[in-house]
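The values are calculated or read from the model by the stated rules, or taken from the named source; none is laboratory data. Just so you know, these numbers come straight off a predicted model, no measurement behind them. Note: ideal-geometry Cβ built from the backbone for every residue, glycine included; neighbour counts use all protein chains shown.
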Amino acid sequence: MDMNAPFYQFGMFDLETALAIAFAIGIGFGFFLEQAGFGSAMKLAGQFYFRDLTVFKVMFTAIVTAMLGLFWLSRLGIVDLSLVRVLPTYLVPQLVGGIIFGVGFVMGGYCPGTCCVAAVTGRMDGWVHLLGMFAGIFVFAEVYPMISEWYSSTAMGEATLSQVFNLSPGTTVFIVTSVALLGFSGAEFVEGKFKRTKSQS
Amino acid sequence: MNHMIKPRPYLNPYLAGIGLGLVLLSAFVIMGRGLGASGAFTSVVAAGVNSVAPTHAQSNGLYREYLNTPSGNPLKEWLVYEIAGVLVGGFISGLLSGRIKRTVEKSPGFSTSGRMIYAFCGGLLLGFGSKVARGCTSGQALTGGALMSVGSWVFMIAVFVSAYAAAFLFRRQWT
């Protein structure tokens, strides 16, 4: 079979069509976020009190599904992986950004995508969260000229886990999938334990 | 608005995850890129600042990056259209499942005003953090996670560790 995906990278359609596709993909994204229960901050925050580990389960199932799909489509010669944009790594800024993001997540109850779903399903705190996010991005942009040097530090290029651990992509996919499956059984165990202690008290 | 319909239970988390994963995979296969959210909001902020203070916006490297799009219009961007879709998709799902409800998410004992302050400040921190990390749970954790990007996995682990570490401070809001 001829390798001709990603379709857009092979010039199969123009920008206008790409934007229509973006809208359609967004509908699917928003639909499944809401179906998972991510329009509710109480459900999302439950993750951090061991009450409800849906965030972990949904996130890692999605990662493993897309990762396995992409791996096999590339292995079968359908997708040219070199044309799929891997995000470049800036180690320290991403670590620091993650720490700030984590505090914001448990404080505000949503992340940027889920607060959209919360807002359109009537959650007033979702709208306020959205406003706060705009403010945070504005503050970052205003201080950006002062931190731009640090922002581009510890650059590692398009580094992947296979490269840094010196493993083949197939082995890395296998390890990530196994760890996720172990994580899922761990998550079920923790949730079961939480329910038992709750019903005893 | 849907007080006649009883809210349906949420979808099984693994099925919802497979659904999200297939949406992400379709973005990889059709476009050669993944999903995102914070980038769309940055486009909106950049367009807003540019309409109020164009000289200021053009002097800032970050705004410039989001203003100089291939189409010339900062809002005619892939992620902006994708997030417009997220708003519609979330609404459709909520409507079909009877979950559209004007409410505030918090534990019953926590005040609404306190919740709104936390929602705003949390959003602010998260918006700032997503820019520092060059992406959020969509662009970094899901997309970069599936592409096995080192920085994305570092970001994801940092988010979970930090949220668990800070959870104690916000327990009254959620438990």
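Considering only residues that are of a type in the set (Asp, Glu) and facing another protein chain (nearest Cβ under 7 Å), which ones fall in segment B:72-98?
Correct list: B:GLU82 only.
Take segment A:93-115 and flag every residue that is closer than 16 Å to A:PHE140 by Cβ and either more than 7 Å from chain B (Cβ to nearest Cβ) or among the aromatic types (Phe, Trp, Tyr) (or both).
Passing the criteria: only A:PHE101.
Take the conditions touching a strand residue (DSSP E or B) at 6+ places or on another chain (Cβ under 9 Å), at the interface with chain B (Cβ under 7 Å from one of its Cβ atoms), in a helix (DSSP H, G or I) and touching a residue at least 12 places away in the same chain (Cβ under 8 Å) and apply them to A:VAL86. Does it pass?
no
Can you tell me how many residues in segment A:44-82 are β-branched (Val, Ile, Thr), buried (at least 21 other Cβ atoms within 10 Å of the Cβ) and more than 18 Å from B:TRP174 (Cβ to Cβ)?
Count: 6.
Tell me which residues, restricted to segment A:4-43, are among the aliphatic types (A, V, I, L, M), part of a helix (DSSP H, G or I) and farther than 30 Å from B:LEU11 by Cα.
A:LEU15
Need the failing condition index for A:LEU95 against (1) surrounded by fewer than 22 Cβ atoms within 10 Å (Cβ to Cβ); (2) in contact (Cβ under 8 Å) with a residue 24 or more places away in the chain, just the number.
Failed condition: (2).
Mind listing just one residue for me: the one in segment A:155-167 that is touching a strand residue (DSSP E or B) at 6+ places or on another chain (Cβ under 6 Å) and either small (Gly, Ala, Ser) or exposed (fewer than 15 other Cβ atoms within 10 Å of the Cβ) (or both) and, of those, nearest to B:VAL132 (Cα to Cα)?
Here the answer is A:ALA155.
So which residues in segment A:121-147 are in contact (Cβ under 8 Å) with a residue 12 or more places away in the chain and part of a helix (DSSP H, G or I), if there are any at all?
Within segment A:121-147, A:ASP125, A:GLY126, A:HIS129, A:LEU130, A:GLY132, A:MET133, A:GLY136 meet the criteria.
Tell me, which residue of segment A:27-43 that is surrounded by 23 or more Cβ atoms within 10 Å (Cβ to Cβ) and in contact with a Phe, Trp or Tyr (Cβ under 7 Å, 6 or more places away or on another chain) is farthest from A:SER178 (Cα to Cα)?
A:ALA41
Would you mind telling me which numbered condition in (1) at pLDDT 95 or above; (2) more than 8 Å from chain B (Cβ to nearest Cβ) A:PHE48 fails?
Just one mismatch for A:PHE48, condition (2).
Of everything in segment A:154-173, what is in contact with a helix residue (DSSP H, G or I) (Cβ under 6 Å, 6 or more places away or on another chain) and of a type in the set (Gly, Ala, Ser)? Give them in sequence order.
Passing the criteria: A:ALA159, A:SER162.
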